[in-house]
Amino acid sequence: VCGVGYRLPAQCRCALHLPSIGHWLALDQQQFGTWAAIAIHDTSSAVGAGSAYGEEALRVATTIKLTRALWIVPLTLVFSFVYKTKGAKRFPVPLFILFFIGAIILNTYLLEAYFPEVGRFVASLARKGLTLSLFFIGASLTKEVIASVGVRALLQGLFLWILISVGSLAFILLI
């Protein structure tokens, strides 16, 4: 509930306001794309902020977020093996990981190589589907749901976001 109740609306606001802050701070495309990818947890919001800032910022933010997402695959496989049930003959692999790997292989070796138009269409459809999904998630929020989570979770999330945003921005500006 906390993730949906607080994080999604906050991430959407970040996607809207971070580009203005980036322009005010005179960040270049590389700096802003890196900052958006680190400071905004939600991948689609980080990509949206990068897109609003510029083409290069979009590429940088997307690359950083997808690199992080790709780490899900080996980590899930390792932890599935490490924490397998005693006596089990095989370890469980979450089904979404198999579909994720399949989508990567399909897009990289089939669609991009032989059917680039279809690949662009599927990618466009996926972006629209993600946007629609986020809308439905956000639309299901009520005051009661947010109230049930409490102010403490809101303040903790806000504090952590400020800490990560300011810390990552300071690091980016120093390098």
Candidates 61, 36, 69, 49 - the one that is closer than 24 Å to residue 157 by Cβ and touching a His at 6+ places or on another chain (Cβ under 9 Å): 49
Neighbours by Cβ (under 9 Å, 6+ apart or cross-chain): first from segment 149-175, among the aromatic types (Phe, Trp, Tyr); second surrounded by 11 or more Cβ atoms within 10 Å (Cβ to Cβ): 161/7; 161/10; 161/11; 161/14; 161/39; 161/40; 161/41; 171/38
Output for segment 36-47, where each listed residue is assigned to a helix (DSSP H, G or I), open to solvent by 10 Å² or more (accessible area, probe 1.4 Å) and not polar (S, T, N, Q): 38, 47
Unmet criterion (only one of (1) of a type in the set (A, V, I, L, M); (2) modelled with pLDDT under 70; (3) open to solvent by less than 70 Å² (accessible area, probe 1.4 Å)) for residue 132: (3)
Residue selected from segment 5-35 under the condition hydroxyl-bearing (Ser, Thr, Tyr) and at pLDDT 80 or above, by the criterion surrounded by the most Cβ atoms within 10 Å (Cβ to Cβ): 34
Residue within segment 55-75 that is farther than 21 Å from residue 175 by Cα, assigned to a loop (DSSP other than H, G, I, E, B) and free of Cβ contacts under 8 Å to residues at least 12 places away in the same chain present: yes
Positions within segment 50-78 being closer than 27 Å to residue 95 by Cβ, among the hydrophobic types (A, V, I, L, M, F, W, C) and modelled with pLDDT of 90 or more, in sequence order: 64
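Assess whether residue 96 counts as being in contact with a Phe, Trp or Tyr (Cβ under 8 Å, 6 or more places away or on another chain), within 22 Å of residue 71 (Cβ to Cβ) and at pLDDT below 70.
Working: in contact with a Phe, Trp or Tyr (Cβ under 8 Å, 6 or more places away or on another chain): no; within 22 Å of residue 71 (Cβ to Cβ): yes; at pLDDT below 70: yes.
Spelling it out, it is not the case that residue 96 is in contact with a Phe, Trp or Tyr (Cβ under 8 Å, 6 or more places away or on another chain), within 22 Å of residue 71 (Cβ to Cβ) and at pLDDT below 70.
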Matching residues, segment 63-83, being polar (S, T, N, Q) and open to solvent by less than 40 Å² (accessible area, probe 1.4 Å): 76, 80
Residue among 169, 111 that alone is at pLDDT 80 or above, more than 26 Å from residue 27 (Cβ to Cβ), surrounded by 13 or more Cβ atoms within 10 Å (Cβ to Cβ) and hydrophobic (A, V, I, L, M, F, W, C): 111
Condition broken by residue 117, with the remaining ones in (1) over 20 Å from the mean Cα position of the chain (by Cα); (2) assigned to a helix (DSSP H, G or I); (3) at pLDDT below 80 satisfied: (3)
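The values are calculated or read from the model by the stated rules, or taken from the named source; none is laboratory data. This is a predicted model, so every value here is computed, not measured. Positions of Cβ are generated from backbone atoms using ideal geometry, with glycine treated the same way; all protein chains shown enter the neighbour counts. The area values use the complete protein model at the heavy-atom level, side chains included, leaving out ligands, DNA and RNA. Shrake-Rupley method; radii C 1.70, N 1.55, O 1.52, S 1.80 Å.
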